[in-house]
Structure formats: structure tokens, C-alpha cells
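S.K.: What follows is a structure written as C-alpha cells; I'll ask about it next.
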Amino acid sequence: MSECTFTNRCIVETIEGLQEGLSHFSGPSRTAVIYSIKPDDPIQIYDPENLLAGHEPKFKELYIDTDEWRKKIIISYDKKKFSNLISEKNLELAGLISYGGRSSSVIYQMWFTEHHPNMCSIGPTERWLEQAVWRLSHDIANEEELYTGISGGFLKEYSTHAIRDYLIDEMNVLIGWDTQVRIYPILEAVLKISRTPEEGAWPKGELIFVEKQSLPKMKFIAKFPKAEQPILENVGHIRKLLQSVENSDRKLVSDEKTIIGIIKGDKPTFSITADFKGQHGFLKLNDNKVCSFSDGSFKSTTRKANLVQVEEALLESNMDPIAASTLFKIVTSIVHSAERQRHGCSIVIDLNEKPIFISGHSLEQPVDLENNEYLELTKSLSKVDGALHLGADLKLHGFACLLDGHFIPGENRARGARFNSALRFTAEHDNIIVIVVSSDDRVSIMINGVALNTNYQWKSSLLCNEPLLLEKWVTISKPSY
């Protein structure tokens, strides 16, 4: 195998594992890399899913119009070494997360992936990309004879490690390098507790992990004798104890080995919090969300629907901008309520000057949704089979509405009656937006018979099915979706 062919194999297998791992963590995610192996090599790109399309002018400015990126190289090239890696920070490009580095075996590399709008934090994803930098440097240094091909598989399963690496980095900044907190046992315990029901109920409440040095400064309302402190590994016992802080501002406190006691109110200056909310929860560093967890795995998502397309449609309509903003907040509140309570619902947003007739439960007088009491009633009515009918006048005009229509291309039998009925309905009525919330937290937005699904399918780029000279890519690249 030639040196070029071996490098291409390393790139392709690494990017495939990286993409699959990030897609499990954050939803469908594309990945790409820009790199140069030797000091005098031309810079190349591998972007099989057109992730970087639209950024050609920036890459031309950074890598082709100037040689400054190459002049920054302060590491001597030695294909046998890889450990002396110098990081290259996020390029801060719109819609992208990037991270790169320089090492003796790969003189420059910059990795990219999607910046999903509903991520708790980009930190774990940056650590994931950093690991791709290390893996490629390692594989190129080992050469073909020692190449194991495990980098792709390693990156595919990296989510827990990425969270751990991010927390370690942040801890080092916040409290110094001498911290004794072990992260892996914490992450393992959080997932085990989240999967453990008690009398049929999923866990709720906060469990915080703190440094031992901070314990003497904390005000406990209940503290266990040292010899009787419950061991964190005893998941069933911890799950029972969690009931003592459910639906309150009380918190269980652990030093990552045992449960120390219960506090109320403020946390110490440093803590890692597992905030259990039933079938899902959030992992936080101090008060900042790092990721969510559910079904025995960590995810990057905030678990709130991204309704930016609804907001854009409302602002582009004939509505008064202030009324449009208010209607968006009302719709968002209803959607998030359905997500929290894990029930499906449909919401018809009727932007016509006079609301259309929809078969269902009509109201003698439309309900004013700017009144919080009526908004809460509407959230409850969303549980009834059928759709809510909201008007541009910020009022509820009906509930349990039946959405019908004729067959249209683009229906998806796998999505069920609620989805396809809404799709047909929007195809036959103008100035209508329908939002469908599934009981599995999936949210779809329909306008004019089209589902505005952000998780679209990407077309592989015919220009970049293998690594390509960046100069050539910049010249001929065009988005294909």
C-alpha cells in the first residue's frame, strides 16, 4: 500500500467512526477534516457529506491566499512521533464546531462537525474532535505495519470519555490540578440510578458530587455517620434515598464514593450535579448543563425542541412583530410542556385573518392565551386526541380537532397517523403551520405539505469521496442539498 493510500485509509476510517459516534450523541452529524501531513505537503480536505459547503471563501482566506497557517509550525516533522501535540482552537465558523492540532507526524489537522442548536454544551464534542487529532497522529506515526484500524471504533464509543475529559479540563481550571474527584465512577452511577425505578416511578431529584475539602464548609440538614454512609455502588439504596429530595430544593451529597448527607439551598462553589427528572435528566458542572441522559446513555441535547423555523415563519408573516413573538412564546410553552410530560400532541397555528373551520371541539368564546390560567388549561387540553387550533389573535379556537386531507408525496408511514394527517392538512390549507410532538420527544414542523425536518438526509459529495486538494475543492465545490 502506498503512503498516500495508507493516509487516505486512516482519514476515511477515522472520520467514519467519529461521525457515527457523534450522531449517537447529538443526532445526525456530519464530519470533515482539513489537513497536511508533511511540512511541504499541500493542504487537503475530506468532506464526504458537504458539511463545509458555504465556507469556501473563509478556507481560501485561511489556507490558500496566505501561508501563515504553515508558518505557525514550530514542531519538527518526525513521522515516528505523535505525542508532542499542540492544539489549534475552534475556528468559530457559523454552524460548526472545530478543533485541530499540530504534531510531529501530522503537521496540521483541523476537524469539523455540526453545531446543533439544542446542545447543552459544545465542550464534550470539542474533546471528541481533539481525540480524533490524537488518533490520526498516532496512526500516521505507527505507519502501515503497526496500523490496527481501531481508531474509528474507538471514536464511535467515545461519548462517556468525552464527557469525562471535558469535566476534567473544567475542574483543572476551576479548582486546580490536584483535585481528587474521580469522574468515571460518577458517570457510571448516574446512568445506573437513571435506569432504576422505585415502585414503578423513575428517579427525580438532585444528587451532587463535591470535593472532600468542601464538606466541612457545607451546612447539612441531615448527615450520616461515617461508618454508615451509603455506598454509591449500592444503586438500589441510593435510588430509595433520592426520594428524600424529590420535588424540593434539598439535595443528596456525595464525595463520589458514599452519600454524605442532605443539604438544602445553595451548593458549594464547585459541584457536579445529576438532576434526575424522571425518564431523563441533566448532568451539570456547577449550574451549567454539560449533557442530558436517558435510556442508559448520555446525549448532548437540551431535550427542548428547536422551533426556530416556526419563529422565522411567524416573523415573516403579516402579523405584528410583537404579536408574532408572543405567539411563538405561547407555542413554545405548549410544546415544551408536552415534551416534559411525554405525551403526543398537534398544534395548528392558523395565520389567516379569519381562522378556518376545523372539525373538532369548538369554543363558544375563543380562549385568551396571554392569560396564564387559560394557557395552562390549553396545555392540559393538548393531551386530548386531536389538535389544538391557535389563531393569529393569540387565542385558542378549538381542541381535539381532526386534521384530514388527500394523499400527498412525502408521507411517511413509519411516522404514524398524527404526522401524516398533519402533512396532508397543511398541503390543502394556506397560512397554516402544524407542529406535531410525538410521545418519544420527536418534534416535526409542517408547512405547505412539507415537513421541515432538520435531520435531513445528506448527499455524499461527488467532489470529495476521497481526500482532495483544498485548492481544487474551493474552486469547484457547490452545495448539493
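S.K.: Sticking with the crude label model, points 7 Å out along Cα→Cβ, report the distance from I150 to A222 in nm, one decimal please.
M.R.: The answer from the label model is 4.6 nm.
S.K.: Straight-line reach from K71: which lysines have Cα under 23 Å away, leaving out those fewer than 8 places along the same chain?
M.R.: Output for K71: K38, K58, K60, K79, K80, K81, K89, K472.
S.K.: Using a cut-off of 10 Å between beta-carbons, work out the net charge of the residues near T31 (Lys and Arg +1, Asp and Glu -1, T31 not included).
M.R.: Net of charged neighbours comes to -4.
S.K.: Using Cβ contacts closer than 10 Å as the measure, can you line up Y184, Y46 from fewest to most?
M.R.: In order of increasing Cβ crowding within 10 Å: Y184, Y46.
S.K.: Next question. Could you put V474, V173, V310, V450 in order, starting from the residue whose Cβ has the fewest other Cβ atoms within 10 Å?
M.R.: V173, V450, V474, V310
S.K.: Now for a separate question. Listed here are the pairs K240/K299; K192/K383; K240/K289; K204/K299; K226/K251; which of them are more than 23 Å apart at the Cα?
M.R.: Going by Cα-Cα distance, K240/K299; K192/K383; K240/K289 fall outside the 23 Å limit.
S.K.: Given R₀ = 35 Å, what would the calculated FRET efficiency be for L93 paired with E411, taking r from the Cβ atoms and rounding to 0.05?
M.R.: Computed FRET efficiency for L93 and E411 comes out at 0.45.
S.K.: Right, another one. In nanometres, what is the gap between the two model label sites at K192 and I322, each 7 Å from Cα along Cα-to-Cβ?
M.R.: 5.7
S.K.: Quickly work out the N352-to-Y184 label distance, labels modelled 7 Å from Cα along the C-beta direction, and quote it in nm with one decimal.
M.R.: 6.2
S.K.: Take L85, L207, L174 and order them by how many other Cβ atoms sit within 10 Å, fewest up front.
M.R.: With the sparsest Cβ surroundings first, the list reads L174, L85, L207.
The numbers here are math on the coordinates, done by the rules we state, and not lab data. From a predicted model like this one, the values you see are computed outputs, not experimental measurements. Note that we place each Cβ from the backbone using ideal geometry, even for glycine, and neighbour counts take in every protein chain shown.
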